[in-house]
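Colleague: First the structure, then my questions, so here it is.
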Amino acid sequence: MMDLLKTTRRQLLSLVGAAAMTAAVSAPALAQTGDFPNRPITFICAFPAGSGADTLVRYFANAIQEATGHTIIVDNKPGAAGTISAEFVARSDPDGYTVYVHSGFSTAVNYSLWNNPAIDPRTDLRGVAGINEQPFFIVVGVESTIQSIEELNAYLLAEGENATYGTSATSGRLLAAQYLSELGATPTEVPYRTGIEMVPDVVNLAVDFAVTDPVTAMVQAREGRVRVLATGSGSRMDIAPDVPSLTEYGMTVDQVGVWAAWVPAGTPDDVVATLAEMFGTVMAEQGTQDFLRTMGGVPWIATPEEVDQRMRENVEQGAFLVDLAQLPRN
């Protein structure tokens, strides 16, 4: 696994530039539908500038701009775990000039976290293109005596509420809830605002294990600070083929978040097709696929229809998991 995690920040930035230039060379112009686009397109990012999400959104903005010659602007609208940005896009004019690039799983789960949700992502957003699949991971500090998921399972069952675990995002809490429910263990949760804030306590063994996002897991494992024990996906991921899935131990856990692009419902078919072609051109490049793997994900090339179908499935799964985790509704 360590061989897969040798990309430094400098290399990551190099991948961004290299893929964008490759896309520009291989696709100098895309077939256009009508006069779209004839002005800048705005990509909406649900997290602040400088975040991992921002890095991914800006990668695609730069690569598509280089490939097509069209101006792409990134507008960061953080807040309410992505609800603010999702609603902004859903309420925008359905003309293709406002594109939401974000985690579909998070967007779907948010629908179940509000008593009166501002939007229904199944009907208020329309899929454009898939980007990648990203599971969360279960990790321990590298100095922990726990060497495998089997050992963690035994430890948690023996220690009961005396054991502790860290979470730093809704997706992490949902994975932990299903894992612990199926295991029958009752450790004490220690919540953190971000994965980076949680890392010191994982490394120092202040918590027995943690459930964290793929970028944090990959980077910290590469730096020799954590040990990755299991993935929340239903099968092993090619970015970490030596990390087992929980299904290998008799569990039914299969939680894989997907990143994709959406536009407001009502956006014309021809405009969606043009945007899908833009993303498809960049997604086909090896540089893009390498970049996505450095972000802890597996490239997911999907049609607008497949993106919409995944959203419907995620909303249903999210409702089940929110109830299981007993997360409060706002």
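Colleague: Considering only helices (runs of 4 or more DSSP H) fully contained in the range 75-131, which possess at least 3 residues that are more than 21 Å from Leu174 (Cα to Cα)?
Modeller: 83-90
Colleague: Report, by residue number, each residue of the range 112-160 that is among the hydroxyl-bearing types (Ser, Thr, Tyr) and modelled with pLDDT under 95.
Modeller: The one that is among the hydroxyl-bearing types (Ser, Thr, Tyr) and modelled with pLDDT under 95: Ser112.
Colleague: Residue by residue through the range 284-301, note down the ones that are modelled with pLDDT of 95 or more and either aromatic (Phe, Trp, Tyr) or under 19 Å from Ala86 (Cβ atoms) (or both).
Modeller: Hit for the range 284-301 is Trp300, nothing else.
Colleague: What is the number of the single condition among (1) buried (at least 21 other Cβ atoms within 10 Å of the Cβ); (2) modelled with pLDDT of 95 or more; (3) not charged (D, E, K, R) that Val109 does not meet?
Modeller: So the condition that Val109 fails would be (2).
Colleague: Still on this model: Would you say Ser235 is surrounded by fewer than 16 Cβ atoms within 10 Å (Cβ to Cβ), touching a Ser or Thr at 6+ places or on another chain (Cβ under 6 Å), farther than 30 Å from Phe43 by Cβ and not aliphatic (A, V, I, L, M)?
Modeller: yes
Colleague: Of the numbered conditions (1) modelled with pLDDT of 95 or more; (2) among the charged types (D, E, K, R); (3) under 18 Å from Leu174 (Cα atoms), Asp201 fails exactly one; give the number of that condition.
Modeller: Evaluating Asp201 over (1) modelled with pLDDT of 95 or more; (2) among the charged types (D, E, K, R); (3) under 18 Å from Leu174 (Cα atoms) leaves (3) as the failure.
Colleague: Return only the number of the condition from (1) farther than 27 Å from Met218 by Cβ; (2) surrounded by fewer than 20 Cβ atoms within 10 Å (Cβ to Cβ) that Gln286 does not satisfy.
Modeller: Result: Gln286 fails condition (1) only.
Colleague: I'd like to verify a number: residues in the range 245-266 that are touching a helix residue (DSSP H, G or I) at 6+ places or on another chain (Cβ under 9 Å) and either surrounded by 19 or more Cβ atoms within 10 Å (Cβ to Cβ) or within 14 Å of Leu175 (Cβ to Cβ) (or both), how many?
Modeller: So the answer is 15.
Colleague: Ok, one more. Would you call Val203 under 27 Å from Ala80 (Cα atoms) and in contact with a strand residue (DSSP E or B) (Cβ under 6 Å, 6 or more places away or on another chain)?
Modeller: No, not satisfied.
Results for (1) buried (at least 18 other Cβ atoms within 10 Å of the Cβ); (2) assigned to a helix (DSSP H, G or I); (3) among the hydrophobic types (A, V, I, L, M, F, W, C), shown as yes or no for each residue.
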{"residue": "Thr274", "(1), (2), (3)": "yes, yes, no"}
{"residue": "Met278", "(1), (2), (3)": "yes, yes, yes"}
{"residue": "Leu292", "(1), (2), (3)": "yes, yes, yes"}
{"residue": "Glu305", "(1), (2), (3)": "no, yes, no"}
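Colleague: Within the range 57-80, track down each residue that is in contact with a strand residue (DSSP E or B) (Cβ under 7 Å, 6 or more places away or on another chain) and not β-branched (Val, Ile, Thr).
Modeller: Result: Arg58, Phe60, Ala61, Gln65, His70, Asp75, Asn76, Lys77.
Colleague: From Pro304, Pro241, Pro299, Pro264, which residue is under 25 Å from Tyr59 (Cβ atoms) and either among the basic types (Lys, Arg) or in the same structural domain as Ser144 (by TED's automatic domain parsing) (or both)?
Modeller: The match here is Pro241.
Colleague: Report whether or not Ile131 is within 19 Å of Asn330 (Cβ to Cβ) and in contact (Cβ under 8 Å) with a residue 12 or more places away in the chain.
Modeller: In short, no.
Colleague: Right, Thr107: in the same structural domain as Gln220 (by TED's automatic domain parsing) and of a type in the set (Ser, Thr, Tyr) or not?
Modeller: Criteria not met by Thr107.
Colleague: Quick one: Ser103 ticks every box in (1) farther than 27 Å from Leu292 by Cα; (2) crowded, with 20+ Cβ neighbours inside 10 Å; (3) not hydrophobic (A, V, I, L, M, F, W, C) except a single one, so which number is it?
Modeller: If we test Ser103 against (1) farther than 27 Å from Leu292 by Cα; (2) crowded, with 20+ Cβ neighbours inside 10 Å; (3) not hydrophobic (A, V, I, L, M, F, W, C), just (1) comes out false.
Colleague: Shifting gears a bit: Restricting attention to the range 97-141, which residues are among the charged types (D, E, K, R) and over 12 Å from the mean Cα position of the chain (by Cα)?
Modeller: Matches in the range 97-141: Asp120, Arg122, Asp124, Arg126.
Colleague: Shifting gears a bit: Take Ala81 and decide whether it is modelled with pLDDT of 95 or more, buried (at least 16 other Cβ atoms within 10 Å of the Cβ) and of a type in the set (A, V, I, L, M, F, W, C).
Modeller: Here the answer is no, as Ala81 does not meet what is asked.
Colleague: Ile64: modelled with pLDDT of 95 or more, among the β-branched types (Val, Ile, Thr), in contact with a His (Cβ under 8 Å, 6 or more places away or on another chain) and not assigned by TED's automatic domain parsing to the domain that holds Ser171, yes or no?
Modeller: It is true that Ile64 is modelled with pLDDT of 95 or more, among the β-branched types (Val, Ile, Thr), in contact with a His (Cβ under 8 Å, 6 or more places away or on another chain) and not assigned by TED's automatic domain parsing to the domain that holds Ser171.
Colleague: Residues that are touching a Ser or Thr at 6+ places or on another chain (Cβ under 7 Å), at least 2 per element: which helices (runs of 4 or more DSSP H) completely within the range 161-222 meet that?
Modeller: Answer list for the range 161-222: 170-183, 195-203.
The values are calculated or read from the model by the stated rules, or taken from the named source; none is laboratory data. Quantities reported herein were computed from a predicted structural model and do not represent experimental measurements. Methodologically, a virtual Cβ is constructed for each residue, glycine included, from the backbone with ideal geometry; neighbour enumeration extends over all protein chains shown.
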